[in-house]
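**Student:** Starting off with a structure, shown below.
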Amino acid sequence: MPKPVLIVGAGLSGAVIGRELAEAGHVVHIIDRRSHIAGNCHTARDEASGVMVHVYGPHIFHTNDDEVWRYVNRHMTFMPYVNRVKTTSAGQVYSLPVNLHTINQFFDRTFRPDEARDFIQSQSDPSIGEPVTFEDQALKFVGRELYEAFFEGYTRKQWGCSPADLPASILKRLPVRFSYDDNYFSHLYQGMPEHGYTEMVARILSHDNISIELERNFVRSDAGDFSHVFYSGPLDGYFDYELGRLGYRTLDFEEFQYDGDYQGCAVMNYADADVRYTRVTEHKHFSPWESHERSVCYREYSRACGPDDEPYYPIRLSGEQALLAQYVARARFEQGVTFVGRLGTYRYLDMDVTIREALDTARSCIRAFADGLPLPAFNIEP
């Protein structure tokens, strides 16, 4: 019998790759350092309230990819869910993304769409040609008043630096709507898994060719027992951080419970810089088809990621880009390992993109296995 395939990480990348390989006849062993599957989209019922909690912060599924939508619904029924985000700024509550209601409320006007469009254009900074920084991007498209009210303070808290030091790409697709559409996403398919993401991942992993070992750390010497390794852990961690650590932001959650409805929505951002947390999430609103008297809420704080913290968002500024290039070069010399997912490629990935890349990676690797060809270190360039 050929050696089994090892997958490091039981999140979406590892689960989808593992299931594709298993269905193709490969024996797959999956390990994860945590005590649960599903990675950062892990969900669990709160015993006191019965609320389905997004343990590592909210994960909202949205996509235009027909196949990915069919794939997740094959393993779990997705219930309708529309993400309607609110933000508190200077003592007032507004809807996000910036839309016609936000503009009229903020400026105390009753603009029609064409009037609002002309007004916002008059607020923008015409001296900015091609935006280079986050701040440039915001000032060019919405002007200083909306930028300072909704973006500046929140961004400082989220990224720990001035928006003038962040690249424009972070805000490249700044959504400003001249209608009353307050749906945060514009994708064709949006929803939530009926029984949570962890149950969905468990169903993906339910195959006779898949075995799972939790609370198990990966060391490079493990690779010799397997025909190939798919590694979804931190790229720098694979090399024991020998060249230094790639920069991440991490999140701290302050959980509290409330009798009744705390804020009337799932996500309330706090745009003011003097409010330490970035947002409050109320988890029962992520499952609007359920009914719960009590509520579970998280205050969310962003900070620099330390060695013992959970990495969430890759920073990818100039210093990290240079270090990333060194680790990518080292990875290309490794034999028998493919780096996948958010941490393995040091990229921010939405769930649908994660699944799409995992499907594509698995399929190309299955073909390579069949043809006796070596597998690449990266199926997606970091």
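Every number here is computed from the coordinates shown, using simple stated rules; none is lab data. As the structure is a computational prediction, the values presented were derived from the model and not from experiment. Glycine also receives a Cβ, built like all others from the backbone with ideal geometry; neighbour counts cover every protein chain displayed.
**Student:** Springs between alpha-carbon atoms under 10 Å, Gaussian network over the chain: tell me which of A202, A370, A358 tops the mean-square fluctuations.
**Tutor:** Looking only at A202, A370, A358, the largest GNM fluctuation is found for A370.
**Student:** Once the Cα gyration tensor of region 207-272 is found, what semi-axes does its equivalent ellipsoid get, as square roots of 5 times the eigenvalues, in whole Å, sorted largest first?
**Tutor:** Values: eigenvalues 301, 90, 21 Å².
Result for region 207-272: semi-axes of 39, 21, 10 Å.
**Student:** Amide H neighbours of Y248 under 5 Å, at least 5 residues apart or on other chains, H built in the peptide plane: list them.
**Tutor:** So Y248 has HN proximity to C305, I315.
**Student:** Can you give the Kirkwood hydrodynamic radius of region 97-171 from its Cα pairs, in Å with one decimal?
**Tutor:** Numbers: mean 1/r = 0.0779 Å⁻¹.
Answer for region 97-171: a Kirkwood hydrodynamic radius of 12.8 Å.
**Student:** On to the next question. So what is the calculated 222 nm ellipticity per residue for the chain, using -39500 (n - 2.57) for each DSSP H run with n of 4 or more, over all residues, to the nearest 500 deg cm²/dmol?
**Tutor:** Details: 12 runs with 112 residues, N = 382.
Roughly -8500 deg cm²/dmol at 222 nm, from the helical runs in the chain.
**Student:** Follow-up. Counting other Cβ atoms within 10 Å, keep those with at most 15, restrict to DSSP loop, and tell me which chymotrypsin sites (Phe, Trp or Tyr not before Pro) in region 23-110 are left.
**Tutor:** Values: sites: Y56, F61, W69, Y71, F78, Y81, Y94, F106, F107; in loops: Y56, Y81.
When the chymotrypsin sites (Phe, Trp or Tyr not before Pro) of region 23-110 are filtered for loop state and at most 15 Cβ neighbours within 10 Å, nothing remains.
**Student:** Could the peptides 9-22, 324-337 be put in order, highest first, of the mean number of other beta-carbon atoms found within 10 Å of their residues?
**Tutor:** Numbers: 9-22: 26.9, 324-337: 15.1.
Ranked by mean Cβ neighbours within 10 Å, highest first: 9-22, 324-337.
**Student:** Can you list the HN-Hα couplings for region 54-64, worked out from phi with the Karplus curve (6.51, -1.76, 1.60; θ = phi - 60°), rounded to whole Hz and with x for Gly and Pro?
**Tutor:** Result, rounded to whole Hz: 7, 4, 9, x, x, 10, 10, 8, 8, 6, 10.
**Student:** For the chain, modelled as a GNM with alpha-carbon contacts under 10 angstrom, which of V82, V132, V68 fluctuates the most?
**Tutor:** Maximum fluctuation in the GNM of the chain, among the listed residues, is at V132.
**Student:** Give me the percent relative contact order of region 97-171, please, defined on Cα pairs under 8 angstrom at least 6 residues apart.
**Tutor:** Working: 70 pairs, mean separation 21.1, N = 75.
Result for region 97-171 is 28 percent.
**Student:** Then there is this: Could you sort the peptides 360-368, 111-119 by per-residue average Cβ neighbour count (10 Å cutoff), highest mean leading?
**Tutor:** Listed from highest to lowest mean packing, they are 360-368, 111-119.
**Student:** Can you check what the net charge comes to around G129, using other residues whose Cβ is under 13 Å from the Cβ of G129 (Lys, Arg +1; Asp, Glu -1)?
**Tutor:** That sum, taken over residues with Cβ under 13 Å, equals -2.
**Student:** Let me check the size of region 22-94 from its C-alpha atoms; what are the radius of gyration and Dmax in Å?
**Tutor:** 17.5, 59
**Student:** Would you count, across the chain, every pair of lysines whose alpha carbons are under 28 angstrom apart, provided the pair is eight or more residues apart or spans two chains? Spell out each step's value before the answer.
**Tutor:** Details: K86/K140; K86/K157; K86/K172; K86/K284; K140/K157; K140/K172; K157/K172; K157/K284.
Lysine pair count for the chain: 8.
**Student:** Work out from phi, with θ = phi - 60° and the Karplus expression 6.51 cos²θ - 1.76 cosθ + 1.60, the ³J(HN,Hα) of each residue of region 155-163, listed in order in whole Hz, and give x for Gly and Pro.
**Tutor:** Karplus values, whole Hz, x for Gly and Pro: 5, 4, 5, 5, 10, x, 7, 5, x.
**Student:** Restrict the search to region 270-311; then list the GluC sites (Glu not before Pro) that DSSP places in a loop and that have at most 12 other Cβ atoms within 10 Å of their Cβ.
**Tutor:** Details: sites: E282, E290, E293, E300; in loops: E290, E293.
Qualifying residues, ordered by number: E293.
**Student:** Over the Cα atoms of region 194-323, Rg to Rh with Kirkwood Rh, two decimal places?
**Tutor:** 1.06
**Student:** Ratio of Rg to Rh for region 300-348, alpha carbon only, Kirkwood? Please report the intermediate quantities before stating the final value.
**Tutor:** On the way: Rg = 12.6 Å, Rh = 12.4 Å.
With Rg and the Kirkwood Rh in hand, the quotient comes to 1.01.
**Student:** Only helices at least 18 Å long along their own axis, judged from Cα atoms, and with Kyte-Doolittle mean hydropathy of 0.0 or greater: name those in the chain from DSSP H. Walk me through the numbers before you get to the answer.
**Tutor:** Working: long enough: 318-331 (20 Å, 0.11); 351-371 (30 Å, 0.08).
Result, helices passing both filters: 318-331, 351-371.
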